[in-house]
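Below is one structure; the comments refer to it alone.
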Amino acid sequence: MEKVHSIEVEQTTSSRLAQVDFENLKFGHILSDHMLVAEYNNGAWQSVKVVPYGNIVMSPSSSFIHYGQSIFEGIKAYKQENGDVSIFRPDQNHERFNKSAARLEMPTVPAEIFMDGLKTLIDLDRDWVPPTKDASLYIRPFMFGTEAALGVHPSASYTFMIITSPVGSYYNKPLRLKVETHYTRAANGGVGFSKNAGNYALSLHPTKLAQEEGFDQLIWTDAEEHAYVEEAGTANLLFRIGDTLITPSSETILRGITRLSIMAIAEKWGLKTESRKVSVQELIDGIENGSVTEAFAAGTAATLTPIAEIGYQGKIYKLSDPATREFSNKVLQYLNDLRYGRIEDEFGWNLVV
Ligand code: PLP
Ligand code: COI
């Protein structure tokens, strides 16, 4: 049985807020004043605290360092026009976090820790939510196994934390993406759908090779044939092909909340939507014959970033001028208006704190 928790709060006596230049934010370099820390041991969550942001002490034999029981989430909070602070769909992140936890044989985190902890933390650090255009407070919940033991088995103890960072855009220009046809991100039956640290570690080397060729990121393909489009390294992919908005779907892909939201908006606006397999050939043919009219990456950090060029088997395929893309520009504007409280939240996606 999980215990019922009260959240202890220890406030900082030396805020760093005055030193922050909200006009010049690099992604993830500045961390806010406070963090949440919850400890799991003996089969139950033992404590939940919000404390000043700072270093943590751990054993060098902590299991996650060696065997990778480490998962995370990415969420954003926005300063609304009326001064309120709202968090975008954190319930969805909570659900996905617990699915990642289950796949890695880690304990789930109950709502009274994940959601109530999030609200307590963001309420306390509400002045860290940037008031500047297109900026937000990036929220990073994460959990790792802490048992000090070198045998390969599920850790007996875990730490769940939330840290936050005021951020601007992750990508500030349209993307050049390379279709990866040698390395694999995730295979059927693996952990591709979960948001675990290893999925990102394995992407670094292939991504660096592509960046050396002048690309920003990879388009991962399926493990069996490298013939189907999966997702980018930090975001899902969506394509407008003919009159339909299409996103690749399979168990090897992270079930992104940004794309889920964009698909829901598209449906509401009467656009046809499909979640299905998309072959690289369909995409390349569609770019060449003009039926792929829009292509973009969608994610919490990436927001909605247009794809300008796709590299495949040594050739570069150029897409339409991002400025002329009707749906992408309209849906990004709509999402921003909704998140910053400039229009009615008709889907009920903003959690105001
Ligand atoms: N795919 C990957 C690999 C990601 O890292 C992300 C970012 O979280 C996404 C997709 C998009 O997911 P979401 O929209 O929930 O942020
Ligand atoms: C996110 O968008 O939240 C991500 O996790 C992408 C990246 C920063 C790892």
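The values are calculated or read from the model by the stated rules, or taken from the named source; none is laboratory data. Values in this document were obtained by computation on a predicted structure and should not be read as measured data. Backbone-built Cβ (ideal geometry, glycine too); neighbour counts: all protein chains shown.
Is it fair to say residue 285 is within 16 Å of ligand 2 (Cβ to nearest atom) and assigned by the TED database to the domain that holds residue 320?
no
For the stretch 268-282, give me each residue that is closer than 15 Å to residue 243 by Cα and in contact with a Leu (Cβ under 9 Å, 6 or more places away or on another chain).
Once the filter is applied, which keeps residues that are closer than 15 Å to residue 243 by Cα and in contact with a Leu (Cβ under 9 Å, 6 or more places away or on another chain), the stretch 268-282 yields 271, 272, 273, 274.
Restricting to strands (runs of 3 or more DSSP E) lying wholly in the stretch 103-202: which have 3 or more residues that are more than 28 Å from residue 352 (Cα to Cα) and aliphatic (A, V, I, L, M)?
Counting at least 3 such residues, we get 175-179.
Across the stretch 147-180, what is the total count of residues that are touching a helix residue (DSSP H, G or I) at 6+ places or on another chain (Cβ under 7 Å) and over 30 Å from residue 40 (Cβ atoms)?
As a first pass, look at the stretch 147-180 and keep what is touching a helix residue (DSSP H, G or I) at 6+ places or on another chain (Cβ under 7 Å): 147, 149-150, 152, 155, 160, 162, 164, 166, 174, 178-180.
Next cut, over 30 Å from residue 40 (Cβ atoms) only: 174, 178-180.
Number satisfying all stated conditions: 4.
Here are some conditions: (1) away from ligand 2 (no atom under 16 Å from the Cβ); (2) touching a Gly at 6+ places or on another chain (Cβ under 7 Å). Residue 221 meets all but one. Which one does it not meet?
(2)
Taking into account only those residues within the stretch 295-309 that are away from ligand 2 (no atom under 16 Å from the Cβ) and under 22 Å from the mean Cα position of the chain (by Cα), which is farthest from residue 74 (Cα to Cα)?
Of the residues in the stretch 295-309, the ones away from ligand 2 (no atom under 16 Å from the Cβ) are 295, 306-309.
Right, trim to under 22 Å from the mean Cα position of the chain (by Cα) and you get 295, 306-308.
Details: 295: 23, 306: 20, 307: 22, 308: 25 Å.
This residue is 308.
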